[in-house]
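Report on one structure; see the data block that follows.
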């Protein structure tokens, strides 16, 4: 099967959108990711998958900690910005939670210490041990079939 066919098939699985972030030498870094999963309750572990070519990869490897912000339905601009789809000249103003940069107004924010790192094909799976979390009310920003979506009731 070719890469496009595989990618289109994977697009049939609706996902939430997150921004993974960390701070290196006083500078905040973030990237959009929809490859996120809860792994374990005891200990509390989550997983994010990051392309080996991503600029974010060495930052997490260096700091050994990261945050995950679950985007709300009105945060498509943030998703596009951290996916490199919108080029902004001005730096993004992150909020701080657990000494890590996070997206203000996100539905949930999780801070983690790096628990394990596993190479998997052209990605690296970062398993984080949850150190803190915050939850807000609202509806999620979704991604399905190559497009942003919102919940419909």
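The values are calculated or read from the model by the stated rules, or taken from the named source; none is laboratory data. No experiment lies behind these values; they were computed from the predicted model shown. In this analysis, Cβ positions are derived from the backbone assuming ideal geometry, glycine residues included, and neighbour counts consider all displayed protein chains.
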For the subset of the stretch 97-110 comprising residues that are surrounded by fewer than 21 Cβ atoms within 10 Å (Cβ to Cβ) and in contact with a strand residue (DSSP E or B) (Cβ under 7 Å, 6 or more places away or on another chain), which member is farthest from residue 136 (Cα to Cα)?
98
Please state which of the following conditions residue 55 fails to meet, knowing it meets all the rest: (1) surrounded by fewer than 12 Cβ atoms within 10 Å (Cβ to Cβ); (2) within 18 Å of residue 127 (Cβ to Cβ); (3) touching a residue at least 24 places away in the same chain (Cβ under 8 Å).
(2)
Of the residues in the stretch 63-98, those that are closer than 25 Å to residue 129 by Cβ, assigned to a loop (DSSP other than H, G, I, E, B) and free of Cβ contacts under 8 Å to residues at least 24 places away in the same chain come to none
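Name the residues in the stretch 36-52 that are more than 15 Å from residue 110 (Cα to Cα) and either in contact (Cβ under 8 Å) with a residue 60 or more places away in the chain or in contact with a helix residue (DSSP H, G or I) (Cβ under 8 Å, 6 or more places away or on another chain) (or both), would you?
Filtering the stretch 36-52 for residues more than 15 Å from residue 110 (Cα to Cα) gives 42, 49-52.
Matches in the stretch 36-52: 49, 50, 51, 52.
Just to be sure before I move on: is residue 60 modelled with pLDDT of 95 or more, in contact with a strand residue (DSSP E or B) (Cβ under 7 Å, 6 or more places away or on another chain), surrounded by 19 or more Cβ atoms within 10 Å (Cβ to Cβ) and assigned to a helix (DSSP H, G or I) in the structure I sent? Give the derivation first.
Working: modelled with pLDDT of 95 or more: yes; in contact with a strand residue (DSSP E or B) (Cβ under 7 Å, 6 or more places away or on another chain): yes; surrounded by 19 or more Cβ atoms within 10 Å (Cβ to Cβ): yes; assigned to a helix (DSSP H, G or I): yes.
Considered against the rule, which asks whether it is modelled with pLDDT of 95 or more, in contact with a strand residue (DSSP E or B) (Cβ under 7 Å, 6 or more places away or on another chain), surrounded by 19 or more Cβ atoms within 10 Å (Cβ to Cβ) and assigned to a helix (DSSP H, G or I), residue 60 comes out as yes.
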